[in-house]
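Just so it is clear, none of the values below were taken in a lab; they were calculated from the coordinates. Since the structure is predicted, the reported quantities are computational estimates derived from the model, not experimental observations. When we count neighbours, we look across all protein chains shown, and the Cβ atoms used for this are built from the backbone with ideal geometry, even at glycine.
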Amino acid sequence: MAVTYRFSTDPADVDRTLVHHWLSELSYWAAGREREVHDRAMDGSRNYAVVRTEDGRQVAYARVITDGATFAWLCDVIVDPECRGDGVGKLLVEGVLADLEPLGLKRILLATADAHGLYEQFGFRPLADPTMWMVRGAPGVPSQQPAPSRD
């Protein structure tokens, strides 16, 4: 029997402990993120999940920071390593974009070091003029993230 999945905007489908584990221990962009910081970030965002239909187990997560009118930042997109290659990432991004569509946002941004192919399927492109964008990091945080290791 094939495994099936469903996209969810229901906060009850988001396992905060599991998501914190994935992000703080398995991601290159949020490695070492403290749980309190993780919870504050989730509380200030729109949160999304993909769960297995059979047992309700969460297999993916994403969050969006938005003003709800003009701009959104898609971030912390992660898929359980056991489910990668099953179309879960596509289901997640498709669901997020469908949820944001009614807002009529002018721009949705994201940053990725390794999933360009996934996002390109949904119309994301490199910045036309990245020199107009600037960043300010907290003290001790570099303005550029190092590229992920390819070991």
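Dividing the helix sum by the residues of the chain, where each DSSP H run of 4 or more adds -39500 (n - 2.57), gives a mean residue ellipticity at 222 nm of -6000 deg cm²/dmol. Mind pulling the angle between the C-alpha long axis of helix 88-100 and the longest principal axis of the chain? Nearest 10 degrees, somewhere in 0 to 90. That helix lies at roughly 70 degrees to the long axis. Loop-resident GluC sites (Glu not before Pro) (DSSP state other than H, G, I, E or B) in the range 43-121 with no more than 15 further Cβ atoms inside 10 Å of their Cβ: E54.
Between [x] 20.0, 66; [y] 24.7, 79; [z] 15.6, 52, which entry matches Rg and Dmax of the Cα atoms in Å as derived from the coordinates of this structure? So the structure-derived entry is [z].
Projecting label points 7 angstrom from Cα along Cα→Cβ for R57 and Y28 puts them 2.7 nm apart. Normalised by the number of residues in the chain, what is the relative contact order in percent for Cα pairs under 8 Å and 6+ residues apart? Value for the chain: 20 percent. Segment T9..V141, full-extension length gain: 44.4 nm, with 0.36 nm per residue of separation and the alpha-carbon distance subtracted. Along the chain, the exposed loop sites are chymotrypsin sites (Phe, Trp or Tyr not before Pro) outside DSSP states H, G, I, E and B with at most 14 other Cβ atoms within 10 Å, and the longest stretch free of them is 29-121. In a simple Cβ point-charge model (Lys, Arg +1; Asp, Glu -1; nothing else charged), the chain has a dipole of about 400 debye relative to its Cα centre. Of the three principal axes defined by the Cα atoms of the range 20-78, the extents in descending order read 37, 28, 18 Å. A dipole drawn for the chain from +1 and -1 charges on Cβ atoms has a positive end, and of L26, H116, H38 the residue lying farthest that way is H116.
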